[in-house]
Each structure stands twice: as structure tokens, then as C-alpha cells.
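As C-alpha cells, the structure follows; a few thoughts come after it.
Only the coordinates and a few stated rules stand behind these numbers; no lab work does. As the structure is a prediction and not an experimental result, all values here were calculated from the model. Counting neighbours? That spans all protein chains shown, and the Cβs are built from the backbone with ideal geometry, glycine included.
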Amino acid sequence: MRNDLRWWQTAVIYHIYPLSFSDSSGDGIGDLAGITSRLDYLRSLGVDALWLSPIYASPMVDHGYDITDHKAINPMFGTLADFERLVEEIRRRDMRLILDFVPGHTSDQHVWFQESRASLDSPKRDWYVWRDPGPEGGPPSNWMGYFGPSWTYDASTGQYYLHQHASMPDLNWRSPAVLEAMLGVLAFWLDKGVDGFRVDLIAAIIKDDQFRDEPVSTAYLEHRNPYYSLEHIHTLDQAQTHDVVRELRRKLDAYGDRVMLGELDPIPGLMSYYGAALDECHLPLNLHLQNTPWQADAVRRVVDAYDSALPPGAWPNWNVSNHDQSRVASRVGVHQARVAQMLLMTLRGTPIWYYGDEIGMTDVQISSVRMRDAMGHLAHGGIFSRDPARTPMQWDAGPNAGFSAPPEETWLPIAPDYETVNVAVQSEDPRSQLNLFRQLVALRRETPELRVGTYRSIDFEPNGVFAYERRHLDARVVVALNFRDADQCLDLASLAPDGDVLLSTELDRSGVEPLSGLKVRPNEGVVLRPVS
Ligand code: GLC
């Protein structure tokens, strides 16, 4: 096994949405002490690093992505002492901690913004993006935010301020004082022992300083959100954004072996966020699988294209769900969710899991009275919410699914299937999805081909199966994933006469089988080692 690898290259990362993981205080809302109390579970899963969505002081309009104090813990999650204890307990288990870092905007309640908007000559005026009205007296440019209009007029100072994400004003990263303050935020958490950051909306940090209008795009026809009626050539991917990203990276590097993940849309420019000298994000998040139709040929095309586009020396990563999208088991179906699990754990690159996907949690329908995500409504005209993928973790068949002690109602409803889909029940069932997850982590850990090997997809008939080879030195394993609900018979004899089945998604198959007529059952994936 290569020993020049960094921890984040061989890690399995697990993304926790803190509001929904585990509630220790009984108020129906997840908290830091709750996460600490579940670390043994996480360690037993075999995951190496935890990424927490924001835990900072916030009015929670965007559930923590709207920050009022970057160096304070939101009291609903606990205290700084709870955080320090969490770090200590994570360390004791030889695990790592990644925090969310939100550079693009703050809450409009942040004291920085309050000071900035107070007067034209406020020392913090240029901490945010202020601009005189356009020639006709309206907004300074045609820019459009993802969650609605992006300019708001401030009558008391006669200028507009920019807020590309709902009510949250954009920070002005062209101001050296902002850069310094935000590097100070990174240092604050790095000093507390954090191992890295997932940087929110990294491509949107810098905007065109001439505030030029953006051209109209036809992509609007495919999306319901008017955001897509413009081509965002002046608000995304500006050359100076890369300068800022390099500054962030330098700060992390000064602390040694830390990691930087960047949230990026699946844009062609994603690869540029590795940096020309691999000096930007270690892992620009690859969300392609969240937006690819779940068909063998479509998934193969995406994996091939991504793998071959990687700059030399860049390390890949894969992700199938997060707090902004439908859960994978809802998108692909509960049977295919096992195939997705095998795919993510056997592709080349760091897998990033969303809490609850290990037991196959699905989206939960939430009535309008209990809906909490108003931001989703803003983006999609009142019919879309991200809540269905953010419901409380299902720990057991007890009250509130073991997430929180009654009588408090949980902040979002518990899924109706919690009595059967939960950690306790699946731990007892040797063939459960949870056990598949554990076995996949173990297989990945003990198989150098899967951890560090090269990737090559395999051509053959019939369609409906995606197969690939992972090779390290002279050793190789083959993965065959059946995306359909029907038996498939594969001829893989060109690889070797036989294959030793290392794992099936059904957890009921092992032993040597001929590769000339390898049977793959409906919705089954297998990992095998070719043998002569
Ligand atoms: C990121 C977060 C999302 C949030 C948005 C605005 O995309 O993942 O949850 O709403 O930024 O802050």
C-alpha cells in the first residue's frame, strides 16, 4: 500500500446535519453533546471523519448558513465547552472533524452588517457590497440570486446592498479587512483542533467589480428558478476567487495536515478549484452523481468523464446525497440504494456520506404547517423544501426514534418508517443495509485496489450493468453493478476465467464463479477478484 497518502485520501467522510443527528437535551433539536454520545456508533461504522453543517450563532433563517457570530456556538447546539469535549472525544477515537465555513455572506443580523449599513462612512461600509442605484434609479445590475432578487435598497444611506442568497448580505472579499477577519475565523477553529473545512459556495466569493449585467441564458427553460435565466459570468468563478481560495488554503497549510473541501456546482470549472499547482481545494466537492439519471450508461459516462478530467495528482471524491437534495434512497429507490452504496465505496476517491443514508433513510413528506425550510420555497416558487432530507436520524423503534426524549415534539417530524428503518433493528439483521455499509467500509479498508487503485470502466453487453476494474500494482478487483430490476448475465471472461466474489450487496454470496456467464441478480452489485 502506498504510504505517501494523506488521511483525507483514505478516509470515509460522514456528513452530519447537527439539527437532526441526536438530541441530548430533550428540546427536540439535535446538539453537540448528542453527537458526542453517538461517536462509538460512528466509529463502529468505520467512518474516519465527520463534517458538521454550521453550528455557529445564527437566527436560523437558513438553518445556520446565516451566521451572526463565526466564533460562537449556537446555544441551541450547546456551548464552546461542549464543542471542545466533542473534539477531544473525536481525537480519542482517532477520528477527524471538518467544520462548515461560510465565506460568501453573513446573516443580516450580524453586527458587521449592522455597522456597515449604519452610514456611508462606517469603517465597515466596504465589508459588504454596496452600490449606488443604476442609471434609471433601480438596482445597480441585473444580477439575480438563487433564492430571489439580489439587490435591496437601503433608504437611509441611498445605496443598494448585494445579497445573492435570500436575505443574507454578501461579504466583500476585495476588502483586506474582510480577508483578515475571515482568516481569523479559520485560525480560531484550527486552534481548537479542527482538521479542515467544507467551504460553502466557494465559486461565488468574488463578484465582478464593474458590476456588469449578466447575459440571458436559455437554461431557464429547464429550471423553474429564474436564477437560471442568466449566465453567471460576473458573479461566479471570477479569476480573483482563486486568489482568495489560495489564501484560505495557505492558512490551513500553516497548520499542517488539514483538508479543504469546496462546495461547487457540477460545473465544468470544478476541476480548476484544485488549483493550477494543486494549491486550492484538496477536494472540490463532486456532486455529479446527485444530478445524474440513475442508469448504468449515464452513471458510467459521468464517472469516466470525471475521472479523465482530473488534473494530474488531484484526488477525486464522490457524494450521493446532502442536506440540499433529495436523499439517494428516494431518488434511486430503496433497492438501488444498496447499489449506490457499493458504487460510492468502490469508486476511486474519497466517499462522502450523508447521515442516515447508511440505513437507507428516505425523504419524508412534511405538511406545510411543519415545514421549516423557507429558503427552498424562495428558490422554487413555494413548492419545494429541503426539509424532507433533513429529518431526525432514526436510531431505534422507541419514541421519537431514539433521536430525542419525549414529550417535546422533534423539530421536523420523524419518518413514518422509523420502526423498521433504524440503527437498532438493522444492527440485528445480518443482511441489512447498515451491515452492507459496514462491510463495504471494511472491504475498502483492507483492499488497496479499492482505496488507491486506478479506475477503468469495462465495455460489454448488455446495458443495465456498470462494471469497472480497480487496479493497484499487479492486483485488481472488478465491480459489477446491476441498475435494473432483472437478472443479467455477463461475459467477463476476457478478464480471467473465474472470479472470487468478495462481496455482494445482498450479503449472501461468496466463492469462485466462472466469469464467462456471471449472473448478477436484480438490483445486485458484486465485487470480485479475477482468478486464473
Ligand atoms: C449552501 C448550503 C445551503 C445554503 C446555501 C446558502 O449551498 O449548502 O444549505 O442554503 O449555501 O447559504
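Rounded to the nearest 500, what is the 222 nm mean residue ellipticity of the chain from helices alone, with -39500 (n - 2.57) per DSSP H run of 4+ residues and division by all residues?
-7000 deg cm²/dmol
Quick one: helix 239-253 against the long Cα principal axis of the chain, what's the angle to the nearest 10°, folded into 0 to 90?
70 degrees
Can you compute the modelled spin-label distance between A181 and A374, with each label point 7 Å from Cα toward Cβ, in nm?
With each label placed 7 Å out from Cα toward Cβ, I get 2.4 nm.
When a/c reaches 1.5 or more, the comparison of a/b and b/c decides; with that in mind, is the chain rounded, prolate or oblate per its Cα gyration tensor?
Judged from the Cα gyration tensor, the chain comes out prolate (a/c at least 1.5, a/b above b/c).
Could you tell me the relative contact order of the chain? Use alpha-carbon pairs under 8 Å, at least six residues apart, and round to a whole percent.
13 percent
So what's the angle, to the nearest 10 degrees on a 0 to 90 scale, between helix 80-92 and the longest Cα principal axis of the chain?
For 80-92 against the chain, the angle is about 30 degrees.
Cβ neighbours within 10 Å, averaged per peptide: list 468-481, 102-115, 243-256 in order, most packed at the top.
Averaged packing, sorted descending, gives the order 102-115, 468-481, 243-256.
Give the cross-link partners of K192 among the lysines, using a straight C-alpha distance below 16 Å as the criterion and excluding same-chain residues fewer than 8 apart.
Partners found: K71, K251.
Measuring from label point to label point, each 7 Å out along Cα→Cβ, what is the R471 to D257 span in nm?
Label-label distance for R471 and D257, simple model: 3.0 nm.
Suppose R0 equals 51 Å; then what is the FRET efficiency for D4 and S217 from their Cβ-Cβ distance, rounded to the nearest 0.05?
For R0 = 51 Å, the calculated efficiency reads 0.75.
Go ahead and run the numbers for FRET between V61 and R246, Cβ-Cβ distance against an R0 of 45 Å, rounding to 0.05.
Calculated value: 0.90.
Would you mind pulling out the separation of the Cα centroids of region 164-198 and region 412-443, in Å?
37 Å
What percent does the relative contact order of region 453-531 come to when contacts are Cα pairs within less than 8 Å and at least six residues apart?
Value for region 453-531: 31 percent.
Working from Cα positions, state the angle (0 to 90°, nearest 10) between the long axis of helix 433-446 and the longest principal axis of the chain.
80 degrees
In region 405-462, what trypsin sites (Lys or Arg not before Pro) fall in a loop by DSSP, with at most 14 other Cβ atoms inside 10 Å?
Qualifying residues, ordered by number: R431.
Can you grab the distance from the C-alpha centre of region 61-96 to the C-alpha centre of region 350-376, Å, no decimals?
Centre-to-centre (Cα) distance: 21 Å.
Exactly which chymotrypsin sites (Phe, Trp or Tyr not before Pro) in region 38-110 are in a DSSP loop and have at most 11 other Cβ atoms within 10 Å?
Nothing satisfies the criteria.
Suppose R0 equals 30 Å. What FRET efficiency, 1/(1 + (r/R0)^6) with r the Cβ-Cβ distance, do D126 and D279 give to the nearest 0.05?
Computed FRET efficiency for D126 and D279 comes out at 0.65.
List the residues of region 123-146 whose backbone N lies under 14 Å from a point placed 7 Å from the Cα of S229 along the Cα-to-Cβ direction.
142-146
Relative contact order for region 161-244 using alpha-carbon pairs under 8 Å, separation at least 6, rounded to a whole percent?
Once normalised by length, the contact order is 25 percent.
Would you mind calculating the gained length between D500 and A442 on full extension (0.36 nm times residue separation, minus the Cα-Cα distance), in nm to one decimal?
Answer, rounded to one decimal: 19.2 nm.
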